[in-house]
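Derivation of every value follows stated rules applied to the coordinates shown; laboratory data play no part. As the structure is a computational prediction, the values presented were derived from the model and not from experiment. Cβ: placed from backbone, ideal geometry, glycine included. Neighbour counts: every protein chain shown.
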Amino acid sequence: MRILVTGASGLLGLNLSLLVYTMHEIIGVDRSQLGAVPFRLVNADLLDPGAVDRVLGMIRPEAVIHCAALANLEACEENPAEAERLNADLPGELAASCARNGIRLVHLSTDSVFDGTKNGIYTEADLPNPPGVYSATKLKGEQNVLSAYPEAIVARVNFFGWSLGGKRSLSEFFYNHLSAGEACNGFTDIWFCPLFVGDLAEILVQMLEKCLSGLYHVVGSEALTKYDFGLRIARQFGFEESLIHPISVEASNLTARRSHNLRLSVHKLSTDLALDIPGVSTGIAKFYTQFVQGYPQKMRSYQQIS
Ligand SMILES: NC(=O)c1ccc[n+]([C@@H]2O[C@H](COP(=O)([O-])OP(=O)(O)OC[C@H]3O[C@@H](n4cnc5c(N)ncnc54)[C@H](OP(=O)(O)O)[C@@H]3O)[C@@H](O)[C@H]2O)c1
């Protein structure tokens, strides 16, 4: 398949492109962040008028994996208009264009469309109630995609891994602090289901290969708190666990509201793919193996030198 990956410099886009380019033809959409990557790039700001149709017309992909977004919750609170354009309007425009041209589409959404008040695990049938600008614009993005192109895949995700700049993921947050011997906070009252980015990338491609469509929860099969996630990272790397201070998210100085319960069911995904979805332990082990193999340095080497 010829697959166009938007957000190719981002945490998911770059990991996915590096993992998949030997199996499928990958063309990444980039805004001059990347250099010397082993897959093809096309330079575009997707918010420029006509950019979506121009890129699709030039590349003629069979599928698009749409990872580009304004994914920083605080940045979304500060720039709601930009969040609306990137997270809500652009996916709708892209979906309409893909539908017109018969191009398969995987659109990335988020676990945080839920307000976290459910006493239990969220399924795809549960009604979202986004708590902030990021999640509200991402929910609109989902709705715009599925109304323009019901055959598209909308994947609600949460993932971790190594990124281009080394600061994008929660796993890197803990690694960066703990490896420097610095104290940091871990939230004891946010439950989530993180999936290793390599596992996520493989699953997204399998969803395309199996021609799935519609809304899916694509997270890890195991729920834990962000504090426990930090402890697991500390244990895997042999760092001092007591550097992580257990606190409530309400005691943090983060401006965007966070949901306390982001436990999502992967039953639909697991059934439709006939696949056991990995939990967090195997994911952290893979994250550590990449570290041992020098993957973080390799990621940095793909940064364009200006
Ligand atoms: N990280 C998570 O755990 C998580 C959780 C839930 C959902 N998600 C969703 O998963 C997807 C991928 O997230 P991520 O963490 O990989 O995001 P990320 O690391 O923040 O990357 C965002 C990407 O979007 C690109 N982009 C932003 N504005 C653009 C524009 N106008 N034109 C072209 N490209 C643009 C960025 O390019 P530049 O480098 O040039 O800025 C970057 O490559 C997003 O839809 C996000 O909402 C992520």
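Taking the listed residues D126, D111, D115, the one that is buried (at least 21 other Cβ atoms within 10 Å of the Cβ), under 22 Å from N261 (Cα atoms) and among the acidic types (D, E) is D111, with no other qualifying. Determine, yes or no, whether G230 is touching a strand residue (DSSP E or B) at 6+ places or on another chain (Cβ under 6 Å), at negative phi, assigned to a loop (DSSP other than H, G, I, E, B) and surrounded by 14 or more Cβ atoms within 10 Å (Cβ to Cβ). So G230 fails the test.
Considering each of H177, H217 in turn, give the residue that is touching a helix residue (DSSP H, G or I) at 6+ places or on another chain (Cβ under 8 Å) and more than 15 Å from the ligand (Cβ to nearest atom). Step by step, each of H177, H217 is checked, and only H177 is touching a helix residue (DSSP H, G or I) at 6+ places or on another chain (Cβ under 8 Å) and more than 15 Å from the ligand (Cβ to nearest atom). Residue-level check: of (1) surrounded by 15 or more Cβ atoms within 10 Å (Cβ to Cβ); (2) within 22 Å of G165 (Cα to Cα); (3) among the basic types (K, R), R263 misses just (2).
Candidates in segment 29-41 are the residues that are buried (at least 17 other Cβ atoms within 10 Å of the Cβ) and free of Cβ contacts under 8 Å to residues at least 40 places away in the same chain; of these, the one that is farthest from the ligand (Cβ to nearest atom) is F39.
The selection criterion, being among the aromatic types (F, W, Y), assigned to a loop (DSSP other than H, G, I, E, B) and at negative phi, holds for F239. Among the residues making up segment 83-100, none is charged (D, E, K, R), under 18 Å from T137 (Cβ atoms) and either in contact with a strand residue (DSSP E or B) (Cβ under 8 Å, 6 or more places away or on another chain) or more than 16 Å from the ligand (Cβ to nearest atom) (or both).
Taking the criterion of being exposed (fewer than 13 other Cβ atoms within 10 Å of the Cβ) and without any contact (Cβ under 8 Å) to a residue 60 or more places away in the chain, the residues of segment 236-250 that qualify are G238, S242.
State the number of residues belonging to segment 268-306 that are out of contact with any helix residue (DSSP H, G or I) (no Cβ under 9 Å at 6 or more places or on another chain), in a loop (DSSP other than H, G, I, E, B) and under 30 Å from T123 (Cα atoms).
2
Pairing each residue of segment 159-170 that is closer than 10 Å to N15 by Cα with any residue that is buried (at least 22 other Cβ atoms within 10 Å of the Cβ), provided the two are 6+ apart or on different chains, yields C-beta distances under 6 Å for G161/N15; G161/V197; S163/L11; L164/S9; L164/L14. Restricting the first member to segment 1-28 and to residues that are in contact (Cβ under 8 Å) with a residue 40 or more places away in the chain, and the second to residues that are part of a helix (DSSP H, G or I) and near the ligand (Cβ under 6 Å from one of its atoms), the beta-carbon pairs closer than 8 Å and six or more apart or on different chains are V5/G13; T6/G13; G7/G13. Hey, could you check segment 101-136 for residues that are within 15 Å of the ligand (Cβ to nearest atom) and in a loop (DSSP other than H, G, I, E, B) and say which is farthest from I65 (Cα to Cα)? Checking each candidate, the answer is G116.
Suppose we filter L19, L12, L47 for residues that are out of contact with any strand residue (DSSP E or B) (no Cβ under 6 Å at 6 or more places or on another chain), in a helix (DSSP H, G or I) and within 13 Å of the ligand (Cβ to nearest atom); which single one remains? Steps first, answer last, please.
Numbers: L19 fails: within 13 Å of the ligand (Cβ to nearest atom); L47 fails: in a helix (DSSP H, G or I).
Every option except L12 fails the conditions.
Of everything in segment 137-169 that is more than 9 Å from the ligand (Cβ to nearest atom), among the small types (G, A, S) and surrounded by fewer than 21 Cβ atoms within 10 Å (Cβ to Cβ), the residue that is nearest to S265 (Cα to Cα) is S147.
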